[in-house]
1. Which of 119, 52, 163 ends up with the largest GNM mean-square fluctuation for the chain, with Cα atoms connected below 10 Å?
2. Kindly express, to the nearest 10 degrees and within the range 0 to 90, the angle between helix 45-68's C-alpha long axis and the longest C-alpha principal axis of the chain.
3. Return 67, 25, 76, 125 ranked ascending by Cβ neighbour count within 10 Å, so the fewest neighbours appear first.
4. Helix 162-193 against the longest principal axis of the chain: what's the angle in degrees, Cα atoms only, rounded to the nearest 10?
5. For the chain, what does -39500 (n - 2.57) per DSSP helix run (n ≥ 4), summed and divided by total residues, give at 222 nm, in deg cm²/dmol to the nearest 500?
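Just so you know, all these numbers are worked out from the coordinates, no wet-lab data involved. None of these values were measured; they are calculated from a predicted model. Don't worry about glycine lacking a Cβ; one is built from the backbone with ideal geometry, like all the others, and counts go over all protein chains shown.
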């Protein structure tokens, strides 16, 4: 929740906006994971394109979220995450030329920092009006930990990009769960006012 006091109408509008955003973001992540699972055997043009697209989905989501979020520190973290994801897309495009290990290093660094940002946003949105944000907090925390793991794997003997499809699927599922939680919260509040 933002640091500003939310009126019931503002909270309902923010819930509705976040529900659509999280649901769309979650579905896109799962679709990306399915596409990448079939395309990443070689780090070729298709795989590199998909690698660039994934953080761009996050960057666009951050832009949409930024526009819908009131002024405050939460909004600044969302803006930071959007810029970070754009930089990650560019870096992944460049890392693709180096093969699996550089891609895994860049993706891991992005997952680590963006996961931390997601946790900060989730904490700021923890109010009851936005469904407590447990899926967002868990997803961000896992992303942070997975980012560390990917960098360790990248430095090992047999790094693999198989893990990225798993990462995207897990992230997608958490976003969808957060959307469902927001929908449930909206329905619960509507029945109380009727």
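1. Evaluated over the chain, the most mobile residue of the options is 163.
2. Around 20 degrees separate the two axes.
3. With the sparsest Cβ surroundings first, the list reads 67, 76, 125, 25.
4. 10 degrees
5. That calculation yields -29000 deg cm²/dmol at 222 nm.
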